[in-house]
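**Q** My questions will all concern the structure given below.
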Amino acid sequence: MWVGALLEIISLSQLPIGAARSWETGPASVAAVSLMAAGPGGPSLLVIAGAYGVALAWIGSWSVHGLRHLNSRLVASERREAYSATELSFRHFLALVVDFARAALFTLAAVAVAGLVVPNLQVDAGAYAGVLLLAVAGLALGVDLRMMARSRRTYLAFAASAVVSGLITVWLL
């Protein structure tokens, strides 16, 4: 639950609207939760799983971007006349199947990598957890400020949320 909540908080400012590139949070969440569930647990592993999920979400966004280009080729007509309704429906269904296959393969690969990492994972290393926590927090703060900072009121709300997040982090550690 905690790693899913962490990834959700980080991705709240990324709205998947139109052609905007947004994080691929589904496979990333599955892989991060599998890493967390297979490991010994604890706050250090939460930070490591969160960083793993963020990295996967970013990589997944590139796979979705490539898929959009493939989809545009699937429906682009080289003929002068338009596709029939049946042919266009088939091409749309094919795009859905390709997206399903992409997400399934990406999720399987990410979970497999998590399975390889967990046996060698040393969660006692607080320095790694601290560095990863700072990296995840810095990424989240940068995205949030860039997306939301429009006025002094926004900066005050951001400062208050940073203080509360810091207190929650200290409580978890």
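**Q** Is there any pair with a first residue in region 54-65 that is in contact (Cβ under 8 Å) with a residue 24 or more places away in the chain and a second that is surrounded by fewer than 17 Cβ atoms within 10 Å (Cβ to Cβ) and outside any helix (DSSP H, G or I) whose Cβ atoms are under 6 Å apart and which are 6 or more apart or on different chains, and what are they?
**A** S61/R21; H65/R21
**Q** Now for a different question. What helices (runs of 4 or more DSSP H) lie completely within region 1-89 and have 2 or more residues being at pLDDT 85 or above?
**A** 25-38, 43-75
**Q** Additional query: Taking only pairs six or more apart or across chains, which ones have beta-carbon atoms under 9 Å, a first residue in region 66-86 that is surrounded by fewer than 12 Cβ atoms within 10 Å (Cβ to Cβ), and a second residue that is outside any loop (DSSP other than H, G, I, E, B) and modelled with pLDDT of 70 or more?
**A** Hits for this filter: G66/R102; A82/L88.
The values are calculated or read from the model by the stated rules, or taken from the named source; none is laboratory data. Note that the structure is a prediction, hence the values are computed from the model and not measured. Glycine also receives a Cβ, built like all others from the backbone with ideal geometry; neighbour counts cover every protein chain displayed.
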